[in-house]
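The values are calculated or read from the model by the stated rules, or taken from the named source; none is laboratory data. In this text the structure is predicted, and so the values were computed from the model without any measurement. FYI the Cβ positions are ideal-geometry reconstructions off the backbone, even for glycines, and counts take in every protein chain you see. Calculation scope for accessible area: heavy atoms of the full protein, side chains included, ligands and nucleic acids excluded. Shrake-Rupley method; radii C 1.70, N 1.55, O 1.52, S 1.80 Å.
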Amino acid sequence: MGLSFIFCAGSQTDDTKNMLDALEAADYQTLNQRMARKADFSLHLIPRDLQTLSECATAFSSHKAVPFREGLTCYFDAEDRGFFIVSEEWEQYIAAIDPQKANALTEAWFQAMRAYDPEVKSPPPEAVAAVKDLIELCQYAGQTGKPVVHIWTA
């Protein structure tokens, strides 16, 4: 089984703390209930692939590129799961992409991944949906002031 990568944001003031508490307790039902918006990147990816997505976004964002990994603040990191807050700069970088460009960005991303993994095929519809959801999630976070959370689970 591969890694699950999710980006999300809550709608209530205390949702971020409640999501962290739920992940620490491995209470995935509560965790999911606290997510107002999410982008599910459970696509058999490795962490490097998310950095590649961030790099590919440069051609589509009206903001200056922001590296993904450097924009993460770790709040919980265990052997089988982790919880990070994404920097506001990275959130704004992604939010500045037109959601209508999600398909083109996903195509560019998968092409870039093929450079280091020749087994990468054409992006499935779930990948395009995840990229579009991520753009819209970052726009939502910017409008509401809610932080974007990045969660991984094994």
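Just to confirm a number: summing +1 for Lys and Arg and -1 for Asp and Glu over residues other than residue 5 whose beta-carbon lies under 10 angstrom from that of residue 5, what do you get?
On the way: positive: none; negative: 40, 49.
Combined, the nearby Lys, Arg, Asp and Glu give -2.
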Please give the FRET efficiency for residue 69 paired with residue 29, using the beta carbon to beta carbon distance and R0 = 22 Å, rounded to the nearest 0.05.
-> 0.15
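Rounded, prolate or oblate: which fits the chain, taking a ≥ b ≥ c as square roots of the Cα gyration tensor eigenvalues, rounded meaning a/c under 1.5, else prolate when a/b beats b/c?
Numbers: a/c = 1.81, a/b = 1.30, b/c = 1.39.
Oblate is the answer for the chain, as a/c is 1.5 or above yet b/c matches or exceeds a/b.
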Mind pulling the angle between the C-alpha long axis of helix 47-56 and the longest principal axis of the chain? Nearest 10 degrees, somewhere in 0 to 90.
-> 60 degrees
Residue span residue 111 to residue 129: 0.36 nm per residue of separation minus Cα-Cα distance leaves a gain in nm of 4.8 nm
Once the Cα atoms of helix 15-24 and of the chain are each reduced to a long axis, what angle between those two axes, in degrees from 0 to 90 to the nearest 10, is obtained?
-> 90 degrees
Going by alpha carbons, how many degrees (0 to 90, nearest 10) lie between the helix axis of 125-144 and the longest principal axis of the chain?
-> 50 degrees
Accessible area expressed per residue, the chain, with surrounding protein chains retained (probe 1.4 Å, Å²) = 52 Å²
Length gained if residue 17 through residue 104 is fully extended, taking 0.36 nm per residue and subtracting the Cα-Cα distance, is 27.8 nm
